[in-house]
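For reference, the structure discussed in these notes is given below.
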Amino acid sequence: MGIEQEIDAVRAGIHAGRFLNEASVSQGVVLRLLAALSWPTYDTQVVCPEYSLSGRRVDFALCHPPGKPIAFIEVKQVGQSDGAERQLFEYAFHDGIPLAILTDGREWNFFLPGEQGAYGERRVYKLDIVERDVGECAARLQRYLNHSAIASGEAMQAARDDYRNVARERQMKVSLPIALAKLIEDEDGALLEIVADRTETLCGFKPDQDMVAQFLKKLFPAAPAPASAPPRLKPRQAFVDTPEPLLAAPQASITHSAIGQNVSKPLLDRFGYELEGQFFPARNAIDVLTKIFENLSARDATFAERFAAMPHGRTRRYLANGRDELYPGRADLCREHATQLSSGWWLGTNHSRQTIEGIVKMACEISNLRYGIDLIVHLGVSQGRVYVPET
């Protein structure tokens, strides 16, 4: 009989409850399927039962060339294979065996013991020959266990290819929520714009980017950075329930003689910026950005042109020669969220606080100013989250 017919016969035996112990699984399932996969099961130098190593025994060692194990098979009673990976891995590590198979007759688990991660993360494939389609069962067994494929190295190469695909998929699933949390934490302009646009479509009113950013941060609180990098294949917690502690506002008020006023309010509660020790008040975060650009343009006539030449956002420009260049393809944004500077250049004003901070950092690079030292921005307190300059 061919492999598919043998699988059908094994399935019938499992349903009938014929395999009551490990011995019956070994003889009635494992050896039967190995024979259908062209293994000479009568040759104990090729299919070696009760293979001994350092006082321990593994149920089967598949050898190529004869007497040299290339794969181990550990057999358990039907339904009793959970938790047996550790023992099998110890056997495989001892002899440097690249392929390990754990089966209870019904479930076949194919492992690459030498790869990274926990036991389950080193599994290439889990095959349930009762639940899966017979054709798929036959294809998987041929892929990993066919005698000629193992002898030629094709089976190991296929297993490694499949492992890399599984590992990539696992890493992507782990990284997706982290990527989303990072976009929200960084107040990514493209993401905020998409959410704002969809909100406008639904209700006719468009929230500004700060409102969108605050909403997303409440919905997806970001996790703090881990103290040390986790193993490459270990899953990470993307979100935590513990809220981020607020930064305490400084207790002392400061005097800004340059504008002739005593500032009784802590600076964290104010809008404005400090340029080389002089404080300039502002009405809001956008006014802070606008006044910084006016100031830097007045100090250096080439500032605007040099800033415009830098890479900007993915879907917008922060500063442009023409109003319609700020938000390509979005006449509504160009009309509603732009202001013209004294120099004639147009500045986009549809930004979150995080984006404003990034724009100011770019401006500091152009002007040879140290952000947080020569130029400090104060963007107030928003929804319990304090924005502070870098030190």
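Brief remarks on what is shown
- Derived scalar couplings between HN and Hα for segment 166-179 equal 5, 5, 4, 4, 4, 5, 5, 5, 5, 7, 4, x, 5, 4 Hz in order, rounded to whole Hz, by the Karplus curve 6.51 cos²θ - 1.76 cosθ + 1.60 (θ = phi - 60°), x for Gly and Pro.
- Ordering 99-105, 163-169 by mean Cβ neighbour count within 10 Å, with the highest value first, yields 99-105, 163-169.
- Ratio Rg/Rh [Cα only; Rh per Kirkwood] for segment 95-180: 1.01
- Lys173, Lys206, reordered so the largest accessible area comes first (probe 1.4 Å): Lys173, Lys206
- With the largest listed first and rounded to whole Å, the semi-axes of the equivalent ellipsoid of segment 1-43 from the Cα gyration tensor are 18, 14, 5.
- Listed peptides 289-296, 178-185, 349-356 appear in the order 349-356, 289-296, 178-185 once ranked by packing, highest mean of other Cβ atoms within 10 Å at the front.
- Computed extension length for Lys68-Glu154: 29.2 nm, one decimal, from 0.36 nm per residue of separation with the Cα-Cα distance subtracted.
- Between Ala298 and Lys218, the contour length at 0.36 nm per residue exceeds the Cα-Cα span by 24.8 nm.
- Couplings for segment 151-159, taken from phi via the Karplus curve 6.51 cos²θ - 1.76 cosθ + 1.60 with θ = phi - 60°, read 5, 7, x, 5, 5, 5, 5, 5, 5 Hz in order; Gly and Pro are left as x.
- In this calculation the C-beta distance from Val174 to Lys361 is compared with R0 = 25 Å, giving a FRET efficiency of 0.25.
- Straight-line reach from Lys218: taking Cα to Cα under 18 Å and skipping same-chain neighbours fewer than 8 places apart, the aspartates and glutamates in range are Glu185, Asp186, Glu187, Asp188, Glu193, Asp208, Asp210, Asp241, Glu244.
- Cβ-based charge dipole, segment 153-221, positive-most Cα from Ser175, Gly153, Thr201: Gly153
- The peptide list 130-139, 25-34, put in order of mean Cβ contacts within 10 Å with the highest first, becomes 25-34, 130-139.
- For segment 319-326, backbone phi angles converted through the Karplus equation (6.51, -1.76, 1.60; θ = phi - 60°) give residue-by-residue couplings of 9, 8, 6, x, 4, 6, 8, 5 Hz, Gly and Pro being listed as x.
The values are calculated or read from the model by the stated rules, or taken from the named source; none is laboratory data. Remember, it's a predicted structure, so these values are computed and weren't measured experimentally. Here Cβ is always computed from backbone atoms with ideal geometry, including for glycine, and neighbour counts include all displayed protein chains. Areas reflect the complete protein model, heavy atoms only, side chains present, ligands, DNA and RNA absent. Shrake-Rupley method; radii C 1.70, N 1.55, O 1.52, S 1.80 Å.
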